[in-house]
1. Residues in region 40-54: is at least one over 19 Å from Ala98 (Cα atoms), loosely packed, with under 14 Cβ neighbours inside 10 Å and out of contact with any Lys or Arg (no Cβ under 8 Å at 6 or more places or on another chain)?
2. Going through region 49-65 one residue at a time, which ones are assigned to a helix (DSSP H, G or I), more than 20 Å from Gly4 (Cα to Cα) and not aromatic (Phe, Trp, Tyr)?
3. Taking Val119 as the residue in question, decide whether it is in contact with a Lys or Arg (Cβ under 8 Å, 6 or more places away or on another chain), surrounded by 14 or more Cβ atoms within 10 Å (Cβ to Cβ) and within 30 Å of Pro256 (Cα to Cα).
4. Out of region 247-265, which residues are in contact (Cβ under 8 Å) with a residue 40 or more places away in the chain, farther than 30 Å from Phe97 by Cβ and not aliphatic (A, V, I, L, M)?
5. Given the conditions (1) surrounded by fewer than 16 Cβ atoms within 10 Å (Cβ to Cβ); (2) in contact (Cβ under 8 Å) with a residue 12 or more places away in the chain, report the number of the one that Pro225 does not fulfil.
6. So is Leu94 touching a Phe, Trp or Tyr at 6+ places or on another chain (Cβ under 9 Å), surrounded by fewer than 15 Cβ atoms within 10 Å (Cβ to Cβ), more than 24 Å from Val227 (Cβ to Cβ) and at pLDDT 95 or above or not?
7. Out of the residues in region 126-177 meeting the condition of being among the small types (Gly, Ala, Ser), in a strand (DSSP E or B) and in contact with a Pro (Cβ under 9 Å, 6 or more places away or on another chain), tell me which one is farthest from Met193 (Cα to Cα).
Amino acid sequence: MGRGMEELRLWLADTVRQGLGQLEAQGEQAFERLAARMVDAKLGSIGRRVRNWKNLLKMADWQEQLLVEMGELFLAVSAFERSDTLSDELTMDLLQFAGLSLRKEEVLAGDPVEGPWGVAGVAEGEEENLRFRRTWLQNQRDGSFALLLDFAWGGQPFEHTWKAGMQYEGSLVYYPSAYPLRALVVEFGKPDMADPLFTGFQYLDELGGQFAQALALQPWLQRFPAVLEQVLPVKNQEGGWSLMDENRQAIALSGPADIGWILLSVGGGRPLSIFGEWNGATFAPLACLSAGKWIVLSPAE
């Protein structure tokens with residue numbers, strides 16, 4: 001992994017020195033070669049990320065998007081070089097970001113956290129015939145979130161079935177992290193009859209503050225789960241959609257082109273509570289509350 005990180009540092013430095021234009025000339029092959037070397041160096045997660053950079057070349061602002069990606073990898077390289085100064089939890093975050101996979105037995109040796117847990121949202125997708133699913137749970141006692149990440153090959157079903165808006169009694173264990181989110185189920189019972197109560201942010205500046213605190217602890221955080229209470233979908237001047245709170249602060253929405261119209265129709269043009277994933281730039285809605293019921297919005301990725 002150390003040799004791979006050093007090679008990545010050289011590639012990043014050379015690319016910035018030569019200019020991003022030469023990447024456009026090389027096309028996808030430039031990323032494929034680097035991705036293959038990262039996988040060989042046991043940096044599988046970084047390799048997959050680099051391979052996906054080819055999709056950025058299709059965007060109008062691909063230079064800006066690629067520089068953000070390269071900056072995050074350079075941060076990882078720099079942290080790896082001084083890993084002896086990091087906390088044990090942040091070191092584990094760095095290694096897992098790079099590609100280290102922990103055995104379930106290692107994770108389950110940690111301390112369990114009791115529920116009840118409400119299923120706030122579910123997102124599914126597929127990459128190279130590998131299906132993945134992110135299930136977000138919120139602890140009904142303290143409002144903390146947990147992420148269950150599942151994988152299935154081809155047409156194989158996932159091991160468990162989770163439905164947004166349901167509540168379960170049970171316990172789980174978090175992966176070691178400076179800002180724990182991903183977890184494994186220890187034991188869960190059947191769904192409760194009670195509807196979960198999802199809590200979140202009334203104002204968008206609260207979301208920004210909490211996200212900044214989370215990034216200060218875990219700088220490779222890709223998705224930040226959040227419930228936005230009483231926000232209104234609005235169409236912006238560029239033709240896209242945003243969510244606005246009562247203070248008229250707004251954040252950009254991501255998702256299908258008609259996601260704003262969907263939210264407007266579900267809420268009847270009134271503010272509503274929405275759960276989704278925030279990445280610091282856009283908010284991807286996965287579910288919302290309408291007439292006391294949790295409505296699933298999450299599209300396949």
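The values are calculated or read from the model by the stated rules, or taken from the named source; none is laboratory data. In this text the structure is predicted, and so the values were computed from the model without any measurement. Backbone-built Cβ (ideal geometry, glycine too); neighbour counts: all protein chains shown.
1. No.
2. Selection gives Lys54, Asn55, Leu56, Leu57, Lys58, Gln63, Glu64, Gln65.
3. yes
4. Asn247, Gln249
5. Among (1) surrounded by fewer than 16 Cβ atoms within 10 Å (Cβ to Cβ); (2) in contact (Cβ under 8 Å) with a residue 12 or more places away in the chain, Pro225 violates only (1).
6. no
7. Ala146
Residues checked against (1) without any contact (Cβ under 8 Å) to a residue 40 or more places away in the chain; (2) under 24 Å from Phe224 (Cβ atoms); (3) surrounded by 15 or more Cβ atoms within 10 Å (Cβ to Cβ); (4) touching a strand residue (DSSP E or B) at 6+ places or on another chain (Cβ under 9 Å):
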residue	(1), (2), (3), (4)
Asn139	yes, yes, yes, yes
Ala152	yes, no, yes, yes
Ala164	no, yes, yes, yes
Leu181	no, yes, yes, yes
